[in-house]
Amino acid sequence: WKEAEAALGGDCVLEPTFAAYHLNYHAASEEGNRYNGTNFSLPHRDYTFSDSYDKDGNLAAITIWVPVSDVSDENGCMFVVAKEFDGNYQRDEAYDHMLVQSSGWLQNKTFLSFPLAATRALAPAPAGSVMGWAG
């Protein structure tokens with residue numbers, strides 16, 4: 001916990017949200033399966049800029065990810081987008097801030113509001129690695 005307090009520069013409170021996913025490629029590819037073995041299909045942010053930073057611009061909240069198995073960029077690792085590639089990063093009122101991929105009006109087309117090349121895999125990483133980011 002002291003590492004989190006050092007990163008944030010003061011006392012920390014654990015926000016009790018918890019999620020666990022068991023990714024299974026074969027189950028995820030079954031027709032009609034929407035949940036078992038799947039993951040988030042849309043890039044997103046968990047918190048707004050105002051939730052992540054205090055009024056002075058200091059980091060106030062971080063998201064932590066701890067994989068329970070070894071991860072690579074091919075088996076279900078987390079991908080992140082650096083804030084400099086998200087034009088709406090500091091705009092809480094922008095819907096694209098919380099969901100940076102949205103379906104367009106053209107059938108079967110998807111539009112990204114950041115360059116795909118800007119994504120970075122948090123991998124390779126062994127099970128038990130602790131990774132974190134703002135937002």
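The values are calculated or read from the model by the stated rules, or taken from the named source; none is laboratory data. This structure is a prediction, so every number in the text was calculated from the model and none was measured. FYI the Cβ positions are ideal-geometry reconstructions off the backbone, even for glycines, and counts take in every protein chain you see. To get the accessible areas, we keep the full protein, side chains included, count just its heavy atoms, and leave off ligands, DNA and RNA. Shrake-Rupley method; radii C 1.70, N 1.55, O 1.52, S 1.80 Å.
A few remarks follow.
- Where a residue in the range 67-95 is more than 15 Å from S113 (Cβ to Cβ) and of a type in the set (A, V, I, L, M) and its partner, wherever it lies, is open to solvent by 60 Å² or more (accessible area, probe 1.4 Å) and in a loop (DSSP other than H, G, I, E, B), with Cβ under 7 Å and at least six apart: V71/P124
- The strands (runs of 3 or more DSSP E) found wholly in the range 19-106 and carrying at least 3 residues that are modelled with pLDDT of 70 or more occupy 63-65, 79-81.
- For first residues located in the range 116-130 and closer than 11 Å to S69 by Cα and assigned to a helix (DSSP H, G or I), partners that are aromatic (F, W, Y) and open to solvent by 80 Å² or more (accessible area, probe 1.4 Å) and lie 6+ apart or on another chain with Cβ distances below 8 Å do not occur.
- L14 more than 23 Å from A121 (Cα to Cα) and either outside any helix (DSSP H, G or I) or at pLDDT 85 or above (or both): yes
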